[in-house]
Structures are given as structure tokens and as C-alpha cells.
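Below: one structure, written as C-alpha cells.
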Amino acid sequence: MLDHGDRSEFRTQFVREPSALRHYPALVLNADFRPLSYYPLSLWPWQETIKAVCLDRVSILAEYEEVVRSQREAIRIPSVVVLKEFVRPQKRVAFTRFNLFLRDGFCCQYCGSKGDLTFDHVVPRSKGGVTSWENVVAACAPCNLKKANKSLRASGLRLKQAPKAPTPGEMHEAGRRFPPGHLHESWIDFLYWDAELDE
């Protein structure tokens, strides 16, 4: 099992801009064959995946048809890999814009619209409100503008649900409901293997 130092180095080593994931990303599974994360889905660019294969950190479970060549060999680009050492899941959910939107189902918590999202402090900061899971919600720009620096009651807006800190389990479930736009066919069995079957 990786210790904390190795784990953070291992994670940060493979963080890349989303543009790197447009072509042939690999789904990354933990050593227990579950996705390393669902929020966002654990994907590596093909270059980093091949690097991890060469460093013997992962095993290849599925491949794309496409091949990359070096001076010595040709290798099919991996589409699903599994870590050889288990990475312990984080016990708390990081408070990020993406995670906030994921918790709130990518919709405004005042009107329910799904476009032009930003975030809003339920109790305005000017009135002592803090930036926390319990006081920040996803909000569309029109609702955010309408609420402005007012209290909920003064703005006439109502919350769809009271904001709270999500558990990692809740975020995993939310992540499964909002997969990325690109889902390669080789990933499906690994993403939904434990889903209930239709009768």
C-alpha cells in the first residue's frame, strides 16, 4: 500500500489539463478494480498511461485499436488500466467548484435551471456568511443576480434543498449519474459492474 507521501506524489504526477484527455484517455482503476475516483472520473492521457505501464505501476485490462510506436516496439494504447498498489480513498471531499456543482446535480438550487452556472453564498459574506459546504450552492447567473447581497427571505428565492457537506459515498453516487461526455465501450463493465440489473 502506498504511504501518504508516495500517494500525493503519484496523484500529482498524473494531473494534466482536460485537453490532454480528448484523445484515447484511459480509465484508471484502483487495485480493487473500482475506479480510482468518480468525481471526476479517474482518467489519464494516453501518454501518462503508457508511462505508468513502462514504470510497471499498472496492468492493462483493455486497449484501443490505435497503436503508438517507439524505436524498439509498437504498443496498443491502453483504454483501461488497474493500479498494482492500492491507493486509499480520501476520507473527505475537497471543497471545489466542480464538486459543488456535482453535489447540486449541475443545476441551480433556486430555480432548477442547468445553464450559466455560478455559485452563491446563501448567507451573504457581507452579513457574516462563510464559504463552506453548508453556505454555498450552485446558482444560475439570473438567480445569483436577483439574490445579490440579500437574505433568502428578502430575495424571495427558496432553496431546493438545504446545502450540506457531502460524504465520499454520496459523491461517488453523484459521479456515476454524471459520467463524462466520452465513455469508451471498454469502460462500461468497470463503471457499472455493481449496478442493479433490470428485471
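Tabulated data for the structure shown
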{"item": "Test: residue in region 117-139 that is open to solvent by 40 Å² or more (accessible area, probe 1.4 Å), basic (Lys, Arg) and in contact with a Gly (Cβ under 9 Å, 6 or more places away or on another chain)", "result": "no"}
{"item": "Matching entry among Phe106, Phe101, Phe86 (being of a type in the set (Phe, Trp, Tyr), open to solvent by less than 70 Å² (accessible area, probe 1.4 Å) and outside any loop (DSSP other than H, G, I, E, B))", "result": "Phe101"}
{"item": "Some residue of region 48-71 being part of a strand (DSSP E or B) and outside the structural domain of Ala174 (by the TED database)", "result": "no"}
{"item": "Those residues of region 47-81 which are crowded, with 19+ Cβ neighbours inside 10 Å and closer than 19 Å to Leu191 by Cα, in sequence order", "result": "Thr49, Val58, Pro78, Ser79, Val80, Val81"}
{"item": "Of all residues making up region 118-147, the number that are in a loop (DSSP other than H, G, I, E, B) and over 25 Å from the mean Cα position of the chain (by Cα)", "result": "4"}
{"item": "Subset of region 148-185 [outside any loop (DSSP other than H, G, I, E, B), open to solvent by 80 Å² or more (accessible area, probe 1.4 Å) and within 30 Å of Ser126 (Cβ to Cβ)]", "result": "Arg153"}
{"item": "Residue pairs meeting the criteria (Cβ under 8 Å; at least 6 apart or on separate chains; first under 18 Å from Asn99 (Cβ atoms), in region 121-144; second among the polar types (S, T, N, Q) and crowded, with 19+ Cβ neighbours inside 10 Å)", "result": "Val137/Gln109; Ala138/Gln109; Ala139/Gln109"}
{"item": "Residue within region 77-92 that is in the same structural domain as Asn30 (by the TED database) and among the hydroxyl-bearing types (Ser, Thr, Tyr) present", "result": "yes"}
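The values are calculated or read from the model by the stated rules, or taken from the named source; none is laboratory data. None of the values given here were measured: they were computed from a predicted structure. All Cβ positions, even for glycine, are placed from backbone atoms using ideal geometry, and neighbour counts span all protein chains on display. Accessible surface areas use protein heavy atoms only, side chains included; no ligands, DNA or RNA. Shrake-Rupley method; radii C 1.70, N 1.55, O 1.52, S 1.80 Å.
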